[in-house]
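Below: the structure, in structure tokens.
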């Protein structure tokens, strides 16, 4: 069996930046074990698979270790493949997922606009493994799908050197660290060692939690965000009621065939 495979750098307009995602279009679903094996072999933070469903597509995302319920950059990469490489011509793409309906539209300047659910985090106590794992006490901790650790300034985020063995012990998906940015509204990093992703380059889904937090704190609906991993990436985030619009670009790095 041969399957198409694309590697797309998401949340960037330049190859070797942003977050690389593998995209594997399918005519029908393969066994979960095969999907997981492909994702493990790809060894990227996410591999997206989608199949046609009704007038849209059913999408799933796998890390090298397991399936996840929501992924932003691999959804952006999948939309890029459909619009740019597969000849998809409708105004918007509808993806059905474990997190409900997700849509993607073309924006200006070769950007894509994703419509995702807002996930407002709630305050909580700081887990011991979180503070020890980050090596620095945050000024505030909240949670939703991930722990959200808020720091005072940009340098606090840039200087973190996490102990991933301790962060792996936490009960939620991962840890977002965030602070006000010097040149953007806010910046962040994302760690998910329990999913074999020590640090994710650019994480769309974490901005479903970050956007409502910073929107309320700054009193703004539209925010400029930057994820300050080694590769780095930029997003425009907009809060619209119970939805978050995430705008970014993508670029093709590689395409090929899987032989199984």
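The values are calculated or read from the model by the stated rules, or taken from the named source; none is laboratory data. Quantities reported herein were computed from a predicted structural model and do not represent experimental measurements. Note: ideal-geometry Cβ built from the backbone for every residue, glycine included; neighbour counts use all protein chains shown.
For region 223-260, what are the residues that are outside any strand (DSSP E or B) and without any contact (Cβ under 8 Å) to a residue 40 or more places away in the chain? Talk me through it step by step, then tell me what you get.
Of all residues in region 223-260, those outside any strand (DSSP E or B) come to 228-232, 241-242, 249, 260.
The one that is outside any strand (DSSP E or B) and without any contact (Cβ under 8 Å) to a residue 40 or more places away in the chain: 230.
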Report summary line: Selection from region 102-121 of residues within 20 Å of residue 51 (Cβ to Cβ) and in contact (Cβ under 8 Å) with a residue 40 or more places away in the chain yields 102, 114
Report summary line: The number of residues in region 41-58 that are within 20 Å of residue 201 (Cβ to Cβ) and buried (at least 24 other Cβ atoms within 10 Å of the Cβ) is 4
Query raised in the report: Restricting attention to region 227-237, does a residue exist that is modelled with pLDDT of 95 or more, exposed (fewer than 15 other Cβ atoms within 10 Å of the Cβ) and in contact with a strand residue (DSSP E or B) (Cβ under 9 Å, 6 or more places away or on another chain)?
Result: no
Query raised in the report: Which of the residues belonging to region 204-226 are out of contact with any helix residue (DSSP H, G or I) (no Cβ under 9 Å at 6 or more places or on another chain) and either buried (at least 16 other Cβ atoms within 10 Å of the Cβ) or within 22 Å of residue 48 (Cβ to Cβ) (or both)?
Result: 209, 210, 211, 212, 213, 214, 215, 226
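Run down 70, 102, 44, 76 and say which single residue is touching a strand residue (DSSP E or B) at 6+ places or on another chain (Cβ under 8 Å), closer than 22 Å to residue 242 by Cα, part of a loop (DSSP other than H, G, I, E, B) and not assigned by TED's automatic domain parsing to the domain that holds residue 146.
Numbers: 102 fails: part of a loop (DSSP other than H, G, I, E, B); 44 fails: closer than 22 Å to residue 242 by Cα; 76 fails: part of a loop (DSSP other than H, G, I, E, B).
Within the list 70, 102, 44, 76, the selection yields 70.
Quick grid of which residues meet (1) without any contact (Cβ under 8 Å) to a residue 40 or more places away in the chain; (2) over 16 Å from residue 114 (Cβ atoms); (3) not in a helix (DSSP H, G or I):
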| site | (1), (2), (3) |
| --- | --- |
| 3 | no, yes, yes |
| 17 | no, yes, yes |
| 24 | no, yes, yes |
| 35 | yes, yes, no |
| 38 | no, yes, no |
| 61 | yes, no, yes |
Requested in this report: Please find, within region 118-142, the residue that is nearest to residue 78 (Cα to Cα) out of those that are touching a strand residue (DSSP E or B) at 6+ places or on another chain (Cβ under 6 Å) and surrounded by 20 or more Cβ atoms within 10 Å (Cβ to Cβ).
Outcome: 121
Query - Residue check for residue 115: surrounded by 15 or more Cβ atoms within 10 Å (Cβ to Cβ) and under 16 Å from the mean Cα position of the chain (by Cα) - result: yes
